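Chemist: The structure that follows is given in the form of structure tokens.
The values are calculated or read from the model by the stated rules, or taken from the named source; none is laboratory data. Model, not experiment: these values are computed from the prediction. Counting neighbours? That spans all protein chains shown, and the Cβs are built from the backbone with ideal geometry, glycine included. Please note that ligands, DNA and RNA were not included when accessible areas were found on the heavy atoms of the full protein model with its side chains. Shrake-Rupley method; radii C 1.70, N 1.55, O 1.52, S 1.80 Å.
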Amino acid sequence: MCGIAGILGADTLATQGERQINAMLRALKHRGPDDEGLWYNSSGTVRLAHARLSILDLSPAGHQPMHSADGRFTITFNGEIYNFLELRAGLEKTGVVFRTRTDTEVILHLYARLGLDCVRQLRGMSAF
């Protein structure tokens with residue numbers, strides 16, 4: 001099971017915020033031995049960490065935190081979406097082009113289209 005962590009707030013701009021998110025990532029390492037990632041937004045007020053256990057897409061394309069193609073949305077996700085293939089097929093019919101074979105990217109595209117209402121379509125167990 002992957003590990004995810006994040007810090008939100010103006011105090012993340014400080015060096016202390018960087019130390020904290022790195023400490024969180026180190027604490028999560030046992031949850032995701034296959035890859036790890038950090039992301040900070042441009043203003044430095046949001047920091048995300050991800051320790052990856054590769055299950056669906058073993059390639060580097062499944063790296064997280066994952067960003068939408070336009071860079072507007074970023075996600076770090078843990079869990080499994082049981083109906084992601086069905087959701088993906090529906091999104092592909094509307095012209096969405098996928099770069100990975102992950103359920104993470106399905107959530108990212110659904111969120112871009114539906115906002116928080118995307119969770120109503122997800123079947124499974126997850127945190128993001």
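Chemist: Sort out which residues of the range 79-95 are open to solvent by 50 Å² or more (accessible area, probe 1.4 Å) and modelled with pLDDT of 95 or more, and write them in order of number.
Modeler: Y82, L85, E86, E92, K93, T94, G95
Chemist: Also, I was wondering about something else. Within the range 85-128, track down each residue that is of a type outside the set (S, T, N, Q), closer than 17 Å to A61 by Cα and in contact with a strand residue (DSSP E or B) (Cβ under 8 Å, 6 or more places away or on another chain).
Modeler: D103, E105, V106, I107, L108
Chemist: Another one. Output the residues belonging to the range 41-59 that are over 14 Å from L28 (Cα atoms) and either open to solvent by 30 Å² or more (accessible area, probe 1.4 Å) or modelled with pLDDT under 80 (or both).
Modeler: N41, S42, S43, G44, T45, V46, S54, I55, L56, D57, L58, S59
Chemist: Could we say that G37 is touching a helix residue (DSSP H, G or I) at 6+ places or on another chain (Cβ under 8 Å) and either open to solvent by 20 Å² or more (accessible area, probe 1.4 Å) or on the phi < 0 side of the Ramachandran plot (or both) here?
Modeler: no
Chemist: In the range 94-128, which residues are farther than 12 Å from F77 by Cβ and among the acidic types (D, E)?
Modeler: If the condition is that a residue be farther than 12 Å from F77 by Cβ and among the acidic types (D, E), then D117 is the only one that fits.
Chemist: What residue, among those in the range 60-78 that are open to solvent by 40 Å² or more (accessible area, probe 1.4 Å) and over 14 Å from Y111 (Cα atoms), is nearest to the chain's Cα centre (by Cα)?
Modeler: Looking at residues that are open to solvent by 40 Å² or more (accessible area, probe 1.4 Å) and over 14 Å from Y111 (Cα atoms), I get H63.
Chemist: Looking only at the range 98-115, how many residues end up being farther than 22 Å from C2 by Cα and free of Cβ contacts under 8 Å to residues at least 24 places away in the same chain?
Modeler: Qualifying residue count for the region: 3.
Chemist: Give all pairs with beta carbons closer than 6 Å in which a residue from the range 78-89 that is among the β-branched types (V, I, T) meets a residue that is surrounded by 14 or more Cβ atoms within 10 Å (Cβ to Cβ); count only pairs at least 6 apart in sequence or on separate chains.
Modeler: Here the result reads I81/D103; I81/L122, each pair linking the range 78-89 to a residue that is surrounded by 14 or more Cβ atoms within 10 Å (Cβ to Cβ).
Chemist: I'm trying to understand the selection: among the residues of the range 96-128, which are assigned to a loop (DSSP other than H, G, I, E, B) and either of a type in the set (D, E) or open to solvent by less than 70 Å² (accessible area, probe 1.4 Å) (or both)?
Modeler: The answer is V96, F98, T100, T102, L122.
Chemist: Of the conditions (1) of a type in the set (A, V, I, L, M); (2) surrounded by 14 or more Cβ atoms within 10 Å (Cβ to Cβ); (3) modelled with pLDDT under 85, I7 clears all except one; give me its number.
Modeler: Result: I7 passes all but (3).
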